[in-house]
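Please treat every number below as a calculation from the coordinates, not as lab data. Here the structure is a predicted model, which means the values were calculated and not measured. Ideal geometry is used to build each Cβ from the backbone, glycine not excepted, and the neighbour counts take in all protein chains shown.
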Amino acid sequence: MLLIPAIDLRGGSCVRLHQGSFAETTRYSTDPVAVARGYADRGARWVHVVDLDAAEGRGADNLRVIERIRSALPCRLEVGGGVRSEEQAARLLSLGVDRIVVGTTLARSPKEVAGWTTRFGRRFAAGVDARDGRVKVSGWAEDAGVEDTNFAAGLSALGMGWMIYTNISRDGTLAGPDIGRTVAAARAAGLPTILSGGIGSERDVIGVSECAEPLVVGVILGKALYESRIDLDALIRRFPQASTTPWDPPGA
């Protein structure tokens, strides 16, 4: 079970939203570099960063912060949020980002993203963000016009090697993960999948590990870490982080 701590950036600070609402934002730290380094020092093999400013399409992006995080981390880094052009993808990769998570452009212009995978290789994961089974885009503010499982079923053909599935209704709530819908999307995609949204306790992580679906290879940990609902050190002792997993890029 891969444990991936998340850092959501807004205005250069670590924040968390409630169910994807920018109107319900809680700031936890003004030093995301220190937060990221702390996760790596405690044994995390990946750190997940979301640029909320870029996702919302307002204000300055957080590229300088992401660059500082990358420079400080000995582990792998994946970044998502507002990556809507080949130029943006190239810039992130030039900073040393190991994987880019794409959502909105993947839903709206799938052939364009397929071109990115042709140019840059398997460096992209599909971010499938859904509410009531419907995919949402543009910072979760708009409906993409497709069900999550139908969308997931076409991802492999576009060159996606992995998927992150988020139930928006659970995100930031600590109310428990949507294992059933994540499993359904993972099976539709046939891709290694990370569950995101709702993790509020160690018991929730254990529940994901016991779902007996080999495609669900890990979880993203966010608010539960900030609010000390989960002891990351204890969780990593319970789930030792393997040197290689289905989540790692080929040849990594």
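Computed about the Cα centre, the dipole magnitude for region 2-238 is approximately 460 debye when only Lys and Arg (+1) and Asp and Glu (-1) carry charge, each at its Cβ.
The GluC sites (Glu not before Pro) of region 190-238 that DSSP puts in a loop, and whose beta carbon has at most 13 other beta carbons within 10 Å, are Glu210, Glu227. With bins 5 Å wide beginning at 0, the percent of Cα pairs of region 6-92 falling in each bin runs 3, 15, 27, 26, 17, 10, 2. Here each label is just a point 7 Å from Cα along the line to Cβ, and for Cys211 and Ala242 those points are 1.7 nm apart.
Where the alpha-carbon atoms of the chain are placed on the principal axes, they occupy 43, 41, 40 Å, in descending order. For region 5-45, list residues with backbone N below 11 Å from a point placed 7 Å from the Cα of Ser169 toward its Cβ? Taking a point 7 Å out along Cα→Cβ of Ser169, no residue of region 5-45 has its backbone N under 11 Å. When you count the other C-beta atoms within 10 angstrom of each residue and take the mean per peptide, 76-85, 181-190, 234-243 line up highest first as 76-85, 181-190, 234-243. Exposure proxy shown here: for Tyr165, Tyr39, the number of other Cβ atoms within 10 Å sets the order, fewest to most, as Tyr39, Tyr165. Quick check for you: which residues of region 60-94 have the amide N under 19 Å from the point 7 Å beyond the Cα of Thr118 toward its beta carbon? Flagged as within label range: 84-90.
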